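S.K.: Just dropping this structure here.
The values are calculated or read from the model by the stated rules, or taken from the named source; none is laboratory data. Please read these numbers as outputs of a predicted model, since none were measured by experiment. Note: ideal-geometry Cβ built from the backbone for every residue, glycine included; neighbour counts use all protein chains shown.
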Amino acid sequence: MGAKVLGAKCTSCGVVSYPVRSVCPNCRAESFEDVEIGGKGKVLTYTDVYALAIDYETRYLRLAIVELEGGQRVTGQLLGDDPKLGKAVETTIGIVRVQGGKEIRGLQFLPV
Amino acid sequence: MNPVYIAGAGMTKFGRSEWSLMKLASVASLSALHHANLGEIPVDGIVVANMGAARVNRQTALGSALVDQLALYPATAEAVENGPASGASAFKVGCQAIASGMADVVLVTGVERMRVVNGLEGTDFVASLAHPEAEYIYGVTLPSLAGMFARLVMDRFGVERKHLAMVAIKNHENGTKNPYAHIQQTVTMEGILTAPEAAVNNPPIAEPLHLFDCCPVSDGAASVVVVSESVAAKLGGPKVRVAGIGQATDTHAVHDREDPTDLKSVRLASEKAFSMAGVGPSDVDVAELHDAFTILEIAESEAAGFFPRGEGHLALERGETRLDGKLPINPSGGLKAKGHPVGATGVAHFVELTWQLRGEAEGRQIKDAAIGYACNFGGFGNNVVATVLRREA
Amino acid sequence: MAHVSELEASLRPPAMEMPPYPPKVITLASGEEMVVRQVDRKEIPTLLEAIYPLLWVERDFYDIVAARLFGELLAFKRYRVKDEYVLAGLIDGVLAGMVNGRLVDAKTGMSYHTLTIRRGLRVGSHLFAAKMEYHIEHCGQEEVLIVAESPIGFRRWMIEYPLEKRFEVQHELGGVPSWVLPSETYYAAKPRLVSGRRPVSEELMRGAAGIVLPAEETVVRQVAGEKEEAE
């Protein structure tokens with residue numbers, strides 16, 4: 001644990017870019033500060049993927065795009081049963097991929 | 001901007017090939033060059049479209065490789081990579097050389113030889129177009145992006161699995177009329193959806209998308225020769241004009257799109273292409289769309305302007321997009337049946353449209369086709385090139 | 001039945017009572033109907049003829065599957081393997097694929113091979129499921145030992161059912177650590193992975209009475225032409 005997912009908050013206009021950018025899409029400024037991405041939200045869409053890439057040996061992977069309170073959207077792995085459009089979730093950090101023996105942490109969504 | 005014409009078109013059969021990457025590219029290139037029948041007119045440059053050779057085939061600098069294969073040196077040469085839209089982007093680059101006056105004859109060849117690696121490696125290679133930190137690390141693959149998109153569109157506009165099946169059935173049928181198509185096999189609604197056996201015949205890939213909603217992995221190459229007005233006049237014969245090209249981009253991560261059900265780049269790129277061509281969607285006689293997933297044929301047909309938003313599946317239901325319909329879509333079989341060698345696909349669109357506009361698409365000829373449209377869908381809709389071709393007398 | 005000499009009888013393994021596989025018919029994605037039925041010893045030479053050209057197709061491990069399957073089928077025909085069975089899938093009477101295995105004892109089955117000839121229609125998936133159905137539902141076994149010779153086989157079977165590791169057991173195919181399909185997993189996966197209708201109509205059975213081989217060139221092109229399941 002201790003891992004965080006970071007977005008970039010524009011120091012001029014406050015708009016958050018996640019994933020991060022080098023130029024603010026809102027005001028074109030080029031200076032940002034780190035901001036932690038996460039919190040409560042709703043499932044915007046999801047899918048169970050069976051045709052997986054290398055590194056995965058599960059039968060399927062459940063992915064989702066979640067819209068967080070405050071409007072920021074994120075992509076991650078949806079945990080729990082009974083997925084639904086609009087389902088209330090909150091983010092957590094977990095192991096999302098093991099690449100070349102190395103564990104990679106990222107966003108997972110837990111039903112609230 | 002000078003006028004640009006397509007003088008020749010050719011392709012290899014798409015599917016599983018034992019030929020090397022360069023052999024595929026050469027065969028398609030020579031086919032197009034012979035079709036153009038340039039005689040003594042020299043080729044000024046070549047542009048190669050490819051997405052994965054560096055990773056999958058361990059080969060780079062494909063422009064230099066092909067110019068040697070074809071003994072065209074010292075002509076200009078480079079490769080263009082724009083993910084699944086590499087083909088149309090390379091075509092755009094070739095056309096720009098003609099339009100600017102910097103060249104009179106440019107050969108554009110798209111090629112991909114993906115089947116040297118297994119399905120898992122292949123899926124991962126294509127997934128590399130996703131955002132590395134915000135998408136890829138989660139196991140996002142292109143089918144997963146299409147699955148999430150499909151769920152939203154189906155929920156919002158009432159598109160059902162049977163509509164997706166109709167796209168597959170139509171394109172498979174068209175594919176059997178195209179000797180170059182990868183898949184030469186018709187499928188039925190019973191076999192892929194309604195029979196109990198459909199669960200095994202058509203298993204989920206990225207729900208709600210199933211096996212028969214996804215195009216195959218293919219090897220192949222496709223090639224066109226673009227020329228200036230003066231060369232076109234010298235060559236005589238039917239004239240296929242590149243009437244309009246438009247390109248538009250969008251956010252990298254799909255979750256960042258303004259409206260994740262809206263193919264905005266398709267709409268913007270198409271508007272630019274139609275505007276340059278001076279025609280509208282209702283003038284189009286035949287369209288080649290990018291149906292890497294069946295849902296995309298429906299969504300692109302709306303975003304391109306052929307049908308109102310949310311009604312593409314209704315037009316499909318009415319049979320309007322069949323070979324004998326008002327607006328035939330994917331007479332070639334589409335990516336679904338023709339196959340999808342990634343770098344070749346965009347160029348293959350122009351090969352099919354050229355044949356259609358010249359009356360040379362035997363077995364699947366659209367009567368009196370005069371204006372054609374193609375959409376090459378890069379990334380997951382964040383980089384789209386749309387093109388309008390027109391037959392001139 | 002021909003008289004079996006004492007010497008020949010001593011060279012044959014003892015045979016367990018094995019129920020016949022009841023034929024079924026499956027609608028494929030193309031709308032075509034595939035009859036799945038058991039193959040008897042008289043028909044083995046025809047299957048050997050189909051497999052023979054594949055001995056030299058390196059792609060996707062077809063060569064090793066064909067070579068091993070050839071030996072297994074010949075051994076079955078000549079009564080030199082204990083309690084083997086062979087099932088074939090026929091579309092309009094034309095061979096689309098075959099599967100085989102044997103019963104180790106009343107409780108345990110040993111899956112051998114799956115060879116698909118007609119590609120692109122999930123024939124291999126259907127036939128693999130049919131042989132699991134035979135072991136567990138018709139022979140009443142508790143589990144089937146399985147290995148895969150290709151990575152795609154691994155995904156289709158080990159991951160999809162899913163199978164459990166039984167690595168302390170060496171599978172007869174080269175002593176490779178074995179996986180196992182327990183009957184509970186079979187029944188849980190059945191709605192998803194096993195299909196087909198019984199009984200098969202008289203007309204379809206008549207059409208499937210013989211085994212017609214596709215042209216050799218077709219078989220090699222089909223098989224070498226695409227990545228598909230070969231165990």
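S.K.: For region C:144-174, name all the residues that are away from every other protein chain (no Cβ under 14 Å) and under 24 Å from residue C:116 (Cα atoms).
M.R.: Hits for region C:144-174 are C:144, C:145, C:146, C:147, C:171, C:172, C:173, C:174.
S.K.: Residue B:141: in contact with a helix residue (DSSP H, G or I) (Cβ under 9 Å, 6 or more places away or on another chain), at the interface with another protein chain (Cβ under 7 Å from one of its Cβ atoms) and in contact (Cβ under 8 Å) with a residue 24 or more places away in the chain, yes or no?
M.R.: For residue B:141, the condition - in contact with a helix residue (DSSP H, G or I) (Cβ under 9 Å, 6 or more places away or on another chain), at the interface with another protein chain (Cβ under 7 Å from one of its Cβ atoms) and in contact (Cβ under 8 Å) with a residue 24 or more places away in the chain - is met.
S.K.: Give the residue, chosen from B:200, B:242, that is within 24 Å of residue B:108 (Cβ to Cβ) and crowded, with 20+ Cβ neighbours inside 10 Å.
M.R.: B:242
S.K.: Could you tell me whether region B:339-354 includes any residue that is under 16 Å from residue B:296 (Cβ atoms) and in contact with a Phe, Trp or Tyr (Cβ under 6 Å, 6 or more places away or on another chain)?
M.R.: Scanning region B:339-354, I find at least one residue that is under 16 Å from residue B:296 (Cβ atoms) and in contact with a Phe, Trp or Tyr (Cβ under 6 Å, 6 or more places away or on another chain), so the answer is yes.
S.K.: Report, by residue number, each residue of region C:92-110 that is closer than 20 Å to residue C:181 by Cβ, of a type outside the set (Val, Ile, Thr) and either within 14 Å of another protein chain (Cβ to nearest Cβ) or not in a strand (DSSP E or B) (or both).
M.R.: C:97, C:105, C:106, C:107
S.K.: Further question on the same structure: For region B:1-29, which residues satisfy the criterion of being small (Gly, Ala, Ser) and more than 14 Å from chain C (Cβ to nearest Cβ)?
M.R.: The answer is B:7, B:8, B:9, B:10, B:20, B:25, B:26, B:28, B:29.
S.K.: Oh, and also: Can you run down the residue pairs with Cβ atoms below 7 Å, 6 or more apart or on separate chains, where the first is in region B:177-199 and at the interface with chain C (Cβ under 9 Å from one of its Cβ atoms) and farther than 24 Å from residue B:17 by Cβ and the partner is at pLDDT below 95 and not in a loop (DSSP other than H, G, I, E, B)?
M.R.: B:199/C:192
S.K.: Determine, yes or no, whether residue B:171 is surrounded by 20 or more Cβ atoms within 10 Å (Cβ to Cβ) and either in contact with a Ser or Thr (Cβ under 7 Å, 6 or more places away or on another chain) or more than 24 Å from residue A:47 (Cβ to Cβ) (or both).
M.R.: So residue B:171 does not fit the description; no.
The rows are residues; the columns are (1) within 22 Å of residue B:118 (Cβ to Cβ); (2) polar (S, T, N, Q); (3) not in a strand (DSSP E or B).
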{"residue": "C:112", "(1), (2), (3)": "no, no, no"}
{"residue": "C:130", "(1), (2), (3)": "no, no, yes"}
{"residue": "C:135", "(1), (2), (3)": "no, no, yes"}
{"residue": "C:140", "(1), (2), (3)": "no, no, yes"}
{"residue": "C:154", "(1), (2), (3)": "yes, no, yes"}
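S.K.: State yes or no: is residue B:321 among the polar types (S, T, N, Q), in contact (Cβ under 8 Å) with a residue 12 or more places away in the chain and either touching a His at 6+ places or on another chain (Cβ under 7 Å) or within 19 Å of residue B:378 (Cβ to Cβ) (or both)?
M.R.: So residue B:321 does not fit the description; no.
S.K.: Consider region B:215-253. How many of its residues are closer than 30 Å to residue B:57 by Cα, among the hydrophobic types (A, V, I, L, M, F, W, C) and touching a Lys or Arg at 6+ places or on another chain (Cβ under 8 Å)?
M.R.: 3
S.K.: Between residues in region A:38-64 that are facing chain B (nearest Cβ under 8 Å) and over 11 Å from residue A:77 (Cβ atoms) and residues that are in a loop (DSSP other than H, G, I, E, B) and basic (Lys, Arg), which pairs lie under 9 Å by C-beta distance while being six or more apart or on different chains?
M.R.: Close Cβ pairs satisfying both conditions: A:50/A:59; A:52/A:59.
S.K.: Let me ask something else. Among the candidates B:379, B:312, B:319, single out the residue that is within 24 Å of residue B:249 (Cβ to Cβ), out of contact with any helix residue (DSSP H, G or I) (no Cβ under 7 Å at 6 or more places or on another chain) and modelled with pLDDT of 95 or more.
M.R.: B:379 is the lone residue from the list that is within 24 Å of residue B:249 (Cβ to Cβ), out of contact with any helix residue (DSSP H, G or I) (no Cβ under 7 Å at 6 or more places or on another chain) and modelled with pLDDT of 95 or more.
S.K.: Continuing with this model, one more query. With the requirement that a residue be aliphatic (A, V, I, L, M), closer than 17 Å to residue B:165 by Cα and either under 11 Å from the mean Cα position of the chain (by Cα) or outside any loop (DSSP other than H, G, I, E, B) (or both), what does region B:308-358 give you?
M.R.: Within region B:308-358, B:314, B:315, B:316, B:329, B:335, B:337 meet the criteria.
S.K.: Only one residue in A:71, A:100, A:106 is surrounded by 19 or more Cβ atoms within 10 Å (Cβ to Cβ), within 13 Å of chain B (Cβ to nearest Cβ) and of a type outside the set (Val, Ile, Thr). Which one?
M.R.: Among A:71, A:100, A:106, only A:106 is surrounded by 19 or more Cβ atoms within 10 Å (Cβ to Cβ), within 13 Å of chain B (Cβ to nearest Cβ) and of a type outside the set (Val, Ile, Thr).
S.K.: Provide a single number: the residues in region B:1-25 that are closer than 30 Å to residue B:229 by Cβ and not in a strand (DSSP E or B).
M.R.: 5
S.K.: Here's a follow-up. Between residues in region C:80-96 that are farther than 17 Å from residue C:113 by Cβ and residues that are crowded, with 24+ Cβ neighbours inside 10 Å and at pLDDT 95 or above, which pairs lie under 7 Å by C-beta distance while being six or more apart or on different chains?
M.R.: If the second residue must be crowded, with 24+ Cβ neighbours inside 10 Å and at pLDDT 95 or above, the pairs left are C:90/C:34; C:90/C:96; C:90/C:208; C:91/C:34; C:93/C:208.
S.K.: In addition: I'd like to check something: does region B:211-229 contain any residue that is without any contact (Cβ under 8 Å) to a residue 40 or more places away in the chain and either within 14 Å of chain C (Cβ to nearest Cβ) or surrounded by 19 or more Cβ atoms within 10 Å (Cβ to Cβ) (or both)?
M.R.: Yes - at least one qualifying residue is present in region B:211-229.
S.K.: Same structure again: Among (1) at pLDDT below 95; (2) at the interface with another protein chain (Cβ under 7 Å from one of its Cβ atoms), there is one condition residue B:238 misses while meeting the rest; what is its number?
M.R.: Exception for residue B:238: condition (2).
S.K.: Could you name every one of the strands (runs of 3 or more DSSP E) located completely within region A:28-105 that has at least 2 residues being among the acidic types (Asp, Glu)?
M.R.: A:32-36
Yes/no per residue for (1) more than 24 Å from residue B:235 (Cα to Cα); (2) within 14 Å of another protein chain (Cβ to nearest Cβ); (3) in contact (Cβ under 8 Å) with a residue 24 or more places away in the chain:
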{"site": "B:104", "(1), (2), (3)": "no, no, yes"}
{"site": "B:112", "(1), (2), (3)": "yes, no, yes"}
{"site": "B:120", "(1), (2), (3)": "yes, yes, no"}
{"site": "B:131", "(1), (2), (3)": "yes, yes, yes"}
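S.K.: From A:89, A:112, A:15, which residue is at pLDDT below 95, of a type outside the set (D, E, K, R) and within 18 Å of the chain's Cα centre (by Cα)?
M.R.: Result: A:112 is the single residue among A:89, A:112, A:15 that is at pLDDT below 95, of a type outside the set (D, E, K, R) and within 18 Å of the chain's Cα centre (by Cα).
S.K.: Residues that are touching a residue at least 24 places away in the same chain (Cβ under 8 Å), surrounded by 14 or more Cβ atoms within 10 Å (Cβ to Cβ) and within 18 Å of the chain's Cα centre (by Cα): find the helices (runs of 4 or more DSSP H) completely inside region C:156-231 holding 2 or more of those.
M.R.: C:183-193, C:216-224
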